[in-house]
Amino acid sequence: MSLAQNICAEFEAQVPITRRFLERLPVDKLSWKPHEKSMSAGQLALHIARVPGGVVQFVQQNPAAAPDFSKVPEPASLAEILSAFEESVAMVRSVLLPSDDSTMQETWRMNQGDKEVLAMPRVQFVRDIMLNHWYHHRGQFSVYLRMLNVSVPASWGPSADEQPGFLQKSRSA
């Protein structure tokens, strides 16, 4: 299995779980914030939706210019978030999956102006940001859902509200 195939296998296992999290956001709570310094629930959900596709597009540039995180868009609807998620998933499948090991092991660089701020194997950046960063924000979003009194989906293990899919299937067998 290639490096890209390995990452894509993990990604594909997490896609339906992440979709369940996003689908649970109440449409009337898009602008809700747990704190004045926090992103709104809609902003965080849109960020989660866009991260995978955005990362695989971003690492195609080498070197890449450091992104500006100062403006986080506010989605107009849950449909916009879910559409962005499906586009992001499609982007990962079309761009990352065909990547060969030499491309994934290449030193990838990010610059801020004239200064290099990151240099690492492309595969490490993809794993750290496309996956680990994604999981971090999904966990953050689970707290938003809990604070909104919304049932939190199971992920790797159970939540207080439901069992993970692998346990649900074994109970019905």
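Table: residues versus (1) open to solvent by less than 90 Å² (accessible area, probe 1.4 Å); (2) under 28 Å from W108 (Cβ atoms); (3) of a type in the set (G, A, S).
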residue: L30; (1), (2), (3): yes, no, no
residue: S38; (1), (2), (3): yes, no, yes
residue: L44; (1), (2), (3): yes, yes, no
residue: V51; (1), (2), (3): yes, yes, no
residue: V59; (1), (2), (3): yes, yes, no
residue: A66; (1), (2), (3): yes, yes, yes
residue: E80; (1), (2), (3): yes, no, no
residue: A84; (1), (2), (3): yes, yes, yes
| request: Quickly run through the range 40-75 and pick out the residues that are assigned to a loop (DSSP other than H, G, I, E, B) and without any contact (Cβ under 8 Å) to a residue 24 or more places away in the chain. | output: Q61, P67, D68, F69, S70, K71
| request: Collect the residues in the range 99-117 that are open to solvent by 50 Å² or more (accessible area, probe 1.4 Å) and either aliphatic (A, V, I, L, M) or more than 17 Å from Q57 (Cβ to Cβ) (or both), keeping them in residue-number order. | output: D100, D101, S102, Q105, T107, Q112, G113, D114, K115, E116, V117
| task | May I ask you to verify whether L82 is more than 28 Å from Q5 (Cα to Cα), in contact (Cβ under 8 Å) with a residue 60 or more places away in the chain and touching a Lys or Arg at 6+ places or on another chain (Cβ under 8 Å)? | result | no
| Just to be sure, is R138 under 21 Å from Q43 (Cβ atoms) and open to solvent by 60 Å² or more (accessible area, probe 1.4 Å)? | no
| request: Run down P16, P63, P67 and say which single residue is closer than 30 Å to D100 by Cβ and in contact with a strand residue (DSSP E or B) (Cβ under 8 Å, 6 or more places away or on another chain). | output: P63
| note | Residue pairs within 6 Å by beta carbon, gap of at least six or interchain, first lying in the range 18-39 and in a loop (DSSP other than H, G, I, E, B), second open to solvent by 30 Å² or more (accessible area, probe 1.4 Å) and modelled with pLDDT under 95, listed first then second, are M39/V72
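The values are calculated or read from the model by the stated rules, or taken from the named source; none is laboratory data. Here the structure is a predicted model, which is why all the values come from computation and not from measurement. Cβ sites come from the backbone with ideal geometry, for glycine too, and all protein chains shown count toward neighbours. Each accessible area value is taken on the protein alone, full model and side chains, heavy atoms only, with ligands, DNA and RNA left out. Shrake-Rupley method; radii C 1.70, N 1.55, O 1.52, S 1.80 Å.
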